[in-house]
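The values are calculated or read from the model by the stated rules, or taken from the named source; none is laboratory data. Not measured: the values here are computed from a predicted model. Every residue, glycine as well, gets a Cβ built from its backbone with ideal geometry; the counts of neighbours run over all protein chains shown.
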Amino acid sequence: MSPVRTCVGCREQAPSNEMLRCTTDGIRVHFGRNEPGRGAWTHPLEACVTQADRRRAWSRALKVAGPLDTSALLEELLVKNGHERAV
Ligand SMILES: [Zn+2]
């Protein structure tokens, strides 16, 4: 059994193997399953990432004072989900 994590976007709980762990350099949010430091978990869904963004949940979850840029994370998500990147 994987440990259960709470999605920063929709606040639903799911096993960590169904979620993405994200970390930050203080400016951007990016994938970081094995990176040290504080992590935030989200479903691998654009809707959850943007929902968390709107509620500033990323900053809260990652203990950063300012707003965080999730554009890199969204791009990683599109690649992961196999979509063509819209330029
Ligand atoms: Zn979610």
Pick from 12, 76, 35: which is within 10 Å of the ligand (Cβ to nearest atom) and at negative phi? 12
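Going through the range 1-43 one residue at a time, which ones are basic (Lys, Arg) and closer than 14 Å to residue 61 by Cβ?
Initially, the range 1-43 is screened for residues basic (Lys, Arg), giving 5, 11, 21, 28, 33, 38.
Correct list: 5, 11, 21, 38.
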The residue that is nearest to residue 69 (Cα to Cα), considering only those in the range 1-57 that are part of a strand (DSSP E or B) and basic (Lys, Arg), is 28
Would you be able to say whether some residue in the range 18-31 is within 16 Å of the ligand (Cβ to nearest atom) and at positive phi? no
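Quick check: anything in the range 3-11 modelled with pLDDT under 95 and of a type outside the set (Lys, Arg)? Write out each step before concluding.
Filtering the range 3-11 down to residues modelled with pLDDT under 95 leaves 3.
Among the residues that remain, those that are also of a type outside the set (Lys, Arg) are: 3.
Looking for residues that are modelled with pLDDT under 95 and of a type outside the set (Lys, Arg), one finds at least one in the range 3-11, hence yes.
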